[in-house]
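Novice: Sharing a structure with you now.
Read-outs throughout are calculated quantities, based only on the coordinates presented, and are distinct from any laboratory measurement. No experiment lies behind these values; they were computed from the predicted model shown. Reconstructed Cβ throughout: ideal geometry from the backbone, glycine too, with neighbour counts over all protein chains shown.
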Amino acid sequence: MAVNPDPLEPFFKTVQERNLIRHYVQTSTNLMMALPSALNPILSVHLPIILSSNNQSLHASIEALRLSLLGVAAIHQSYLLAKSGDENREAASNMWSLAANLRVMASKYLGVAVASIEGCRSDAALGACVSIALIDIFAGGYNYASNLDLGKTLVSLRGGPAAIVRYSIAYVQGEGALISTGRLLLEILTVYDTFSTLTSGEQPALLRPGETAWWFEGDQNNYHLYSVENKFGMSRSIVELFARVSSFLNRHRHPPERSSTIVTVEGNPTPNPSRPSTPTLSLSSLRESPPPPGSPLSSLHAEACTLLREVEAWNDGPIPVDQMHPRVKFGNYALKSALLILLLREAFNLAPNDPRVQKCAEMTLLAALKASADFEMSVDLTWPVIIAGCQCSGPFRTLTVRALEGFRKQCCFEIDTSELIVNEVWRRLDAGLPRADFRSVVEDHNLKVLIL
């Protein structure tokens, strides 16, 4: 009796590989898209590269992409096995090891690929970087930096973000959508880079202040009009605003010449024993008079106030209200409230129990819970919950726990990392210990992780 050949076999040689790629196809929409739909753009651009390319000069790039997709599936299967009970602990460990090996092999092929100009400029290489980053996120967020740096280097070698947007051709994909592979991968990498700055202390590299016009450019008739909203559940414009807030805070937290003093609102230098190497802007109130004219603090105070007003005034962006999915509204609201917390706490030195901080924390958590519980769409809401949760005591902590636990339906081991950060902040707050904030915990425990 004749057996129909498996169409995947020429590209995925073993049964295990074919099982993994089928798992990727079946689960990737739910795992990677904040707004799941019939169209999974990531799948639509990745699989054709693997299944239809005969370009031998791009073999290493394509193999890196192929292995990285398998790695994403393997780390997700490891997570599913791990949470299914102790009886599957060994199987979960084996699948974790497989995911780690696939990541190593993908990285090796990627290293070979980028040794050539053609490989550096290929969508397969950029796609491999994005997929390896996703393995890192799902595995808890650790050890991501070198791969993310390589992705940013590839963008630079292709002429930078604006050149990719300008010259990447959009093709018709599933559901008749016009999607540019290069631009889609660039957008994903850009969001990863922006969120990584919460733990790296660096400034965003792809959305630098004053160099973001490319982020808003493009054909109004193709998928990219709302691609960020569909993929990440937040408006394109709030991602750019987040990049500016993070750039300001990280630039201020790590100035070129560090000092052991801070400057109060009156302009007087004061010892800063809690962070002798990382001065913070200390303001008693957002409505206090600005520093004296000529004070070194004046421009910093003005920039902080301008950013705060801009975040407060930000609305949902250009999408008509009647066309915006509720999940995007909740995502925007959660991130906006989290940005307010960052500015109130880090630019103006307000205490976590300040009523304004507490109100923002409550709004953040309620928005995240609404998206998770009512719509079961919790992808990429983790950082707003971490930022808000780290300000909480009493009943708000219960909301934080509920939110993170609800995220486990669509996320992986990055929720374990998130809980580790939040629980350590709570421990320090309850014990009256110093450095009871998420950035200090990240520094003290070397938790420079990439999570969304």
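Novice: Between S299 and V104, what's the calculated FRET efficiency when r is the beta-carbon distance and R0 is 41 Å? Round to 0.05. Intermediate values should be presented prior to the final figure.
Specialist: Numbers: r = 47 Å, r/R0 = 1.14.
Efficiency, from the Cβ-Cβ distance: 0.30.
Novice: Helices from the chain with mean Kyte-Doolittle at least -1.0 and a Cα length along the axis of 20 Å or more, per DSSP H: which?
Specialist: 15-32, 59-82, 89-113, 123-138, 181-200, 236-253, 298-313, 326-342, 355-369, 414-431
Novice: Calculate, in nm to one decimal, what Q323 and R208 gain on full extension: separation in residues at 0.36 nm each, minus their alpha carbon distance.
Specialist: On the way: separation 115, 0.36 × 115 = 41.40 nm, distance 2.96 nm.
Roughly 38.4 nm would be gained on extension.
Novice: In nm, to one decimal, how far is the modelled label at D374 from the one at N446, with both set 7 Å along Cα→Cβ?
Specialist: Spacing of the two 7 Å Cα→Cβ label points: 4.3 nm.
Novice: What is the distance in Å between the Cα centroid of the stretch 383-428 and that of the stretch 37-99?
Specialist: Their Cα centres are 27 Å away from one another.
Novice: For L178, enumerate residues with amide H under 5 Å from its amide H, sequence gap 5+ or separate chain, H modeled in the peptide plane.
Specialist: Here Q173, Y223 satisfy the definition.
Novice: Given 0.36 nm per residue, what is the gain on full extension from K359 to N94 after removing their alpha carbon distance, in nm?
Specialist: 90.9 nm
Novice: Extension gain D430-E9, at 0.36 nm per residue separation less the Cα-Cα distance, in nm? Walk me through the intermediate numbers first.
Specialist: Numbers: separation 421, 0.36 × 421 = 151.56 nm, distance 5.66 nm.
That works out to 145.9 nm of additional length.
Novice: Moving to a separate point now. How big is D, in µm² s⁻¹, for the stretch 15-232 by Stokes-Einstein at 4 °C and 1.567 mPa s if Rh is the Kirkwood radius over C-alpha pairs? Before the final figure, lay out each step's value.
Specialist: Details: Rh = 17.7 Å.
Result for D is 73 µm²/s.
Novice: For the stretch 336-452, just the Cα atoms, rotate onto the principal axes and tell me the three extents in Å, largest first.
Specialist: Here the spans come out as 36, 30, 24 Å, largest first.
Novice: When a/c is below 1.5 the answer is rounded, else prolate if a/b is larger than b/c, else oblate, so apply that to the chain with a ≥ b ≥ c taken from the square roots of the Cα gyration tensor eigenvalues.
Specialist: Details: a/c = 1.85, a/b = 1.59, b/c = 1.16.
In terms of gyration-tensor shape, prolate.
Novice: Take the cross-link list K108/K152; K83/K108; K83/K448; K83/K329; K370/K409 and give me the ones stretching past 22 Å between alpha-carbons.
Specialist: In this structure, K83/K108; K83/K448; K83/K329 exceed 22 Å between Cα atoms.
Novice: While we're looking at this one, here's another question. Sort 361-368, 17-24, 206-213, 81-88 for me by packing, meaning the mean count of neighbouring Cβ atoms within 10 Å per residue, highest on top. Could you put the intermediate results ahead of the total?
Specialist: Values: 361-368: 24.5, 17-24: 18.6, 206-213: 15.5, 81-88: 12.9.
Per-residue Cβ counts within 10 Å, averaged per peptide and sorted highest first, yield 361-368, 17-24, 206-213, 81-88.
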